[in-house]
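First up is the structure itself, then whatever we jot down about it.
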Amino acid sequence: MAELEVTGVRYQMGDHLDINELTLRAENYIHQLQNGTPMLLVAEPDNIVDADAVAVYTTEFRKVGYIKHESCRQLKPMLATAPYLKADVCGNDNHVTFFINVPDVTECHLSTLQIQRQLPESILPTGITLPFTEEERKLQLIAPMLCSMEISGENVEQWLSMAQHYMPLSRLSLTCEDDYWRDQIFKKFRAVKQLNLSEKQQKKLGEMNKELRQTIGDFHYTHVPWQPKVFEAQLAILEKQAMAKGGFFEHFNNYVKQESVARADIEKKLKDWFKAMPHVDMQNYNNHQRLAIALSYLGISRQELYDVFAALLLLTHLKAAHKASPAANADVVIEKLSPVFWGITEDAKEFYRQIQGMKPVEITNLVKKLIKQKTISQSRAHRDLWQVLHDAGLYPPSESNWNDQLKK
């Protein structure tokens with residue numbers, strides 16, 4: 001039994017509140033917590049800030065904080081073999097931190113589903129990940145709990161209450177594990193029906209049973225496929241999150257600047273990734289309806305689905321950035337390059353064509369070669385040329401980097 005610290009509680013108390021209000025709410029919440037109150041620990045390997053992060057939820061599936069960073073690695077081996085860990089509140093610091101006892105890993109018996117990867121490995125840079133939505137995190141937590149719980153007359157009301165939390169999440173995603181959970185929970189409904197239920201419990205069970213049966217049917221009925229609706233809805237939610245401050249797009253843009261990566265190169269790799277897909281309907285990434293059905297058919301994992309979402313969002317993001325910048329238009333760029341090439345448009349066009357997909361150092365090597373050949377004006381090969389390429393996103397590094405490379 002290990003005692004661990006739960007931090008970040010105040011930041012789970014609401015949005016758009018100042019720090020004083022958040023602190024007051026966190027203090028009130030913690031002071032009301034009774035020792036022995038059960039909690040659930042869930043890993044967040046796709047957390048942008050900390051890949052080892054472990055979130056703390058109540059049994060009502062509300063996130064209330066995170067395990068202190070230093071202790072997360074201690075829990076990582078346990079959470080590698082279980083979708084969640086049970087814990088109990090054991091005290092607080094009379095301010096905004098509370099403590100929990102976590103049972104030994106041997107006390108957790110539910111193994112996670114082992115799903116073999118179906119799609120090519122993601123080409124997204126390390127650390128540039130699209131976080132799961134909070135609803136999908138709840139789905140990952142609730143579904144295995146429903147499946148693993150041994151139900152009796154004493155705990156059936158608790159199980160039915162948990163099932164009600166699951167129902168609005170049941171048609172949320174297209175992954176193999178979600179299909180598995182729907183099937184297993186439907187079987188549980190049939191088993192619970194055999195218990196000596198009250199009239200109210202029977203009605204509640206009957207309504208959920210009917211709803212889940214409809215959901216399972218929708219996902220398997222191919223005439224009017226449900227998958228594209230789910231796919232588009234998820235993509236819209238993720239795009240909104242990605243556009244937020246500190247979101248996926250901001251992290252990607254920072255990566256491009258820091259690593260001096262050509263956006264055109266990333267765009268090409270993303271398109272090639274779809275071309276390498278195992279199903280022909282997935283190779284045309286613009287047709288979301290056929291793509292969604294094929295993804296569901298293949299039985300992919302949640303991480304694979306999010307790799308697809310991330311690739312689609314990035315392609316849209318890169319295309320929008322290209323359209324939004326007049327300097328990124330080929331004709332405009334070539335027109336601005338012409339003076340550097342002594343006004344010879346054909347030479348500017350050929351240069352523009354050659355540098356597509358080139359790395360920054362390859363571009364400066366080409367420029368040095370053209371200077372020696374006197375194809376490029378020596379006087380304009382520095383700031384003027386760099387400015388055109390930088391504004392067009394073809395050479396992200398700084399002007400000083402450009403000049404240093406030309407001197408080598």
Original post:
Say R0 is 51 Å: what FRET efficiency, to the nearest 0.05, do I115 and N28 get from their beta-carbon distance?
Top reply: 0.75
Subject >> Cα-centre dipole for the stretch 114-324 with unit charges at Cβ (Lys and Arg positive, Asp and Glu negative), debye to 20 >> reply: 380
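So, with +1 on the Cβ of K and R and -1 on the Cβ of D and E, and no other charges, what is the size of the charge dipole of the chain about its Cα centre, to the nearest 20 debye? Write down the numbers at each step before the final one.
Working: 47 positive and 51 negative charges, 272 e Å.
The calculation lands at about 1300 debye.
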**OP:** For the stretch 344-408, restrict the atom set to alpha-carbon positions and state the Rg and Dmax in Å.
**Re:** 10.7, 28
Original post:
Do any of K275/K374; K86/K188; K319/K359 go past 30 Å between their Cα atoms, and which?
Top reply: K275/K374
**OP:** Stick to the Cα atoms of the stretch 286-400, pair each with every other, and give me the Kirkwood hydrodynamic radius in Å at one decimal.
**Re:** 16.5
Original post:
Extension gain S148-H95, at 0.36 nm per residue separation less the Cα-Cα distance, in nm?
Top reply: 15.5 nm
**OP:** In a Gaussian network model over the chain where Cα atoms closer than 10 Å are linked, find which of S379, S161, S260 has the largest mean-square fluctuation.
**Re:** S379
Original post:
For the stretch 34-87, what Kirkwood radius comes out of the mean inverse Cα-Cα distance, in Å?
Top reply: 11.3
**OP:** Name the residue farthest towards the positive end of the dipole of the stretch 327-407 from the options A330, G357, Q405, assuming +1 on Cβ of Lys and Arg, -1 on Cβ of Asp and Glu, about the Cα centre.
**Re:** Q405
**OP:** Please name which of L238, F274, L124 has its Cα lying farthest along the dipole of the chain towards the positive end, using unit charges on Cβ (Lys, Arg +1; Asp, Glu -1) and the Cα centre as origin.
**Re:** F274
Original post:
Could you give the nm distance between label points at V361 and K187, where each point is 7 Å from its Cα heading toward the beta carbon?
Top reply: 5.6
Subject >> Overall Cα dimensions of the stretch 114-324 - principal axes, largest extent first, Å >> reply: 66, 36, 30
**OP:** Taking the Cβ of each residue in V54, V156 as the centre, tally the other Cβ atoms inside 10 Å and list the residues starting with the fewest.
**Re:** V156, V54
Subject >> Counting all C-alpha pairs of the stretch 2-101, share separated by more than 18 Å (%) >> reply: 43
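Let me know the Kirkwood hydrodynamic radius for the stretch 34-184, please, with Cα pairs as the basis and the value in Å to one decimal.
On the way: mean 1/r = 0.0594 Å⁻¹.
For the stretch 34-184, the Kirkwood estimate is 16.8 Å.
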**OP:** Per residue of the stretch 14-24, in order, report the coupling 6.51 cos²θ - 1.76 cosθ + 1.60 (Karplus, θ = phi - 60°) as ³J(HN,Hα) in whole Hz, putting x for Gly and Pro.
**Re:** x, 10, 6, 10, 6, 5, 5, 5, 4, 5, 4
**OP:** Would you mind ranking V361, V102 by Cβ crowding within 10 Å, fewest neighbours first?
**Re:** V361, V102
Original post:
Cα-Cα over 31 Å: which of K203/K240; K63/K271; K204/K240; K210/K271; K269/K369?
Top reply: K203/K240; K63/K271; K204/K240; K210/K271
**OP:** Using a cut-off of 13 Å between beta-carbons, work out the net charge of the residues near F99 (Lys and Arg +1, Asp and Glu -1, F99 not included).
**Re:** -3
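I'd like the FRET efficiency for K76 and Q373, computed as 1/(1 + (r/R0)^6) with the beta carbon distance as r and R0 of 60 Å, rounded to 0.05.
So the FRET efficiency works out to roughly 0.60.
May I ask you to derive the relative contact order of the chain, considering only C-alpha pairs under 8 Å and at least 6 residues apart, and to give it as an integer percent? Could you put the intermediate results ahead of the total?
On the way: 519 pairs, mean separation 53.6, N = 408.
This gives 13 percent for the chain.
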Original post:
By how many degrees, between 0 and 90 and to the nearest 10, does the Cα long axis of helix 227-243 differ from the longest principal axis of the chain?
Top reply: 70
Original post:
Mean residue ellipticity at 222 nm from the helices of the chain, using -39,500 (n - 2.57) per DSSP H segment of n ≥ 4 over the full residue count, to the nearest 500 deg cm²/dmol?
Top reply: -17000 deg cm²/dmol
**OP:** Would you kindly state how much longer the chain becomes between E199 and V49 on full extension, computed as 0.36 nm times their sequence separation minus their alpha carbon distance, in nm to one decimal?
**Re:** 49.2 nm
Original post:
If you place +1 on the Cβ of every Lys and Arg, -1 on the Cβ of every Asp and Glu, and leave all else neutral, what size is the dipole of the stretch 327-407 about its Cα centre, to the nearest 20 Debye?
Top reply: 340
Subject >> Net charge of neighbours whose Cβ lies under 13 Å from the Cβ of Y255, counting Lys and Arg as +1 and Asp and Glu as -1 >> reply: -1
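Quick note: the coordinates plus some simple rules give every number you see, no bench work behind them. A quick note: this is a predicted structure, and the numbers were derived from the prediction, not measured. Note: ideal-geometry Cβ built from the backbone for every residue, glycine included; neighbour counts use all protein chains shown.
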